[in-house]
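Asks: Once you've had a glance at the structure underneath, I'll fire off some questions.
What follows draws every value from the coordinates through simple rules; no lab data is involved. Just so you know, these numbers come straight off a predicted model, no measurement behind them. Positions of Cβ are backbone-derived with ideal geometry, glycine not excepted, and every protein chain shown enters the neighbour counts.
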Amino acid sequence: MKRILVCEDEDAIRDFVVINLKRAGYDVTDVNCGEDALRKFVEEKGNFDIILLDIMMPGIDGFTVCKKLREKSSTLGIIMLTAKAQEMDKVSGLMIGADDYITKPFSPSELTARVDAIYRRVCMSFIKEEQTTSLESGPFVLNLKSRTVTKNGVPIDLTQVEYQIMEYFLNNKNTALDRSSILTHIWGESYFGDDKIVDVNIRRIRMKIEDEPSNPKYIMTIWGYGYKWNEK
């Protein structure tokens, strides 16, 4: 069963989300504060595929909950809900480990499309292939069975979005990839957001894989276009 935890302090919005996700076939658990979200996650032993998490809540805010949950699980799909359209809220959520964001108000179709896209990505993390295969580039080894990445044999803790971006790069070494193609490949053609989410995830990956994130050696920026994986 597709399990999702909804954390939203406004009753009307929470009810709207719960009803539409249940109609879409999800098993929904809902709470109205960050403290209860963390408690429920522990009680259920992390047995959720996705969490929809409001940013502005009394008590523990959504950013703090997101950070704590991401520390517990790299495969959990995290979608931030925000009433603010400010770019900083979106960037902040993505930088601490969220996979996506939805700005209120949103339609039922946008809600289910975004959740479905994250659910497909979460499911991919549990697919076991018959034969172990890998992609390699310099000090990096990407294991397609375990969906993990190592650098010089040391594991790198990536979210599933970050892993997919790395996989896309290593399948297209030394090839300039424009932002829209990365967006479509990772988030799907029906994605409602903008390509800023690509830039934020690239920044996050650089912080994890580059010796000097401000002076990258592997993920190169193609100004006005996109990015390229540099394999010498």
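Asks: So for segment 134-229, averaging the separation of alpha carbon pairs under 8 Å that are six or more residues apart and normalising by length, what relative contact order in percent results?
Replies: 25 percent
Asks: Is the shape of segment 9-55 best called rounded, prolate or oblate, per the rule: a/c under 1.5 gives rounded, else a/b larger than b/c gives prolate, else oblate, with a ≥ b ≥ c the square roots of the Cα gyration tensor eigenvalues?
Replies: oblate
Asks: Using a Förster distance of 22 angstrom, determine the FRET efficiency expected from the C-beta separation of Ser134 and Asp157, and round it to 0.05.
Replies: My answer for the efficiency is 0.75.
Asks: Let me ask something else about it. Counting other beta carbons within 10 Å of each Cβ, put Asp211, Asp199 in order, fewest first.
Replies: Final ranking by Cβ density, sparse to dense: Asp211, Asp199.
Asks: Are any of the pairs Lys2/Lys151; Lys2/Lys145; Lys40/Lys90; Lys45/Lys173; Lys68/Lys90 more than 28 Å apart by Cα-Cα distance, and if so, which?
Replies: Lys2/Lys151; Lys45/Lys173
Asks: Could you bin all the Cα-Cα distances of the chain into 5 Å bins starting at 0 and give me the percent of pairs in each, rounded to whole numbers?
Replies: All Cα pairs, binned at 5 Å, distribute as 1, 6, 14, 19, 19, 16, 11, 8, 4, 1, 0 percent.
Asks: Would you list Phe169, Phe16 from fewest to most Cβ contacts within 10 Å?
Replies: Ordered by Cβ neighbours within 10 Å, fewest first: Phe16, Phe169.
Asks: Using R₀ = 25 Å, calculate the FRET efficiency as 1/(1 + (r/R₀)^6) where r is the Cβ-Cβ separation of Phe16 and Ser74; round to 0.05.
Replies: 0.25
Asks: Report the calculated FRET efficiency for Thr64 and Val91 (r = Cβ-Cβ distance, R0 = 22 Å), to the nearest 0.05.
Replies: 0.85
Asks: Please report Glu44, Glu162 as a ranked list, fewest other C-beta atoms within 10 angstrom at the top and most at the bottom.
Replies: Glu44, Glu162
Asks: How big is the antiparallel share of DSSP beta bridges in the chain, given as a percent to the nearest 5?
Replies: 45 percent
Asks: In whole Å, what is the distance between the alpha-carbon centres of segment 56-116 and segment 169-200?
Replies: Computed from Cα coordinates, the inter-centre distance equals 19 Å.
Asks: Report relative contact order for segment 2-124 in percent, whole number only (criteria: Cα-Cα under 8 Å, sequence separation at least 6).
Replies: That works out to 24 percent.
Asks: Separate question: Please give the calculated 222 nm ellipticity per residue for the chain, where each DSSP H segment of at least 4 residues contributes -39500 (n - 2.57) and the sum is spread over every residue; nearest 500 deg cm²/dmol?
Replies: Taking each H run of at least 4 residues, the total per residue is -12500 deg cm²/dmol.
Asks: Given labels modelled 7 Å from the Cα in the Cβ direction, how far is it in nm from Met220 to Leu144?
Replies: Going by the 7 Å Cα→Cβ label model, 2.6 nm.
Asks: A further question on this structure: Could you work out how far apart the two model spin labels at Asn172 and Lys232 are, taking each label as a point 7 Å from the Cα in the direction of the beta carbon, and quote it in nm?
Replies: My value for the distance between the label points is 2.4 nm.
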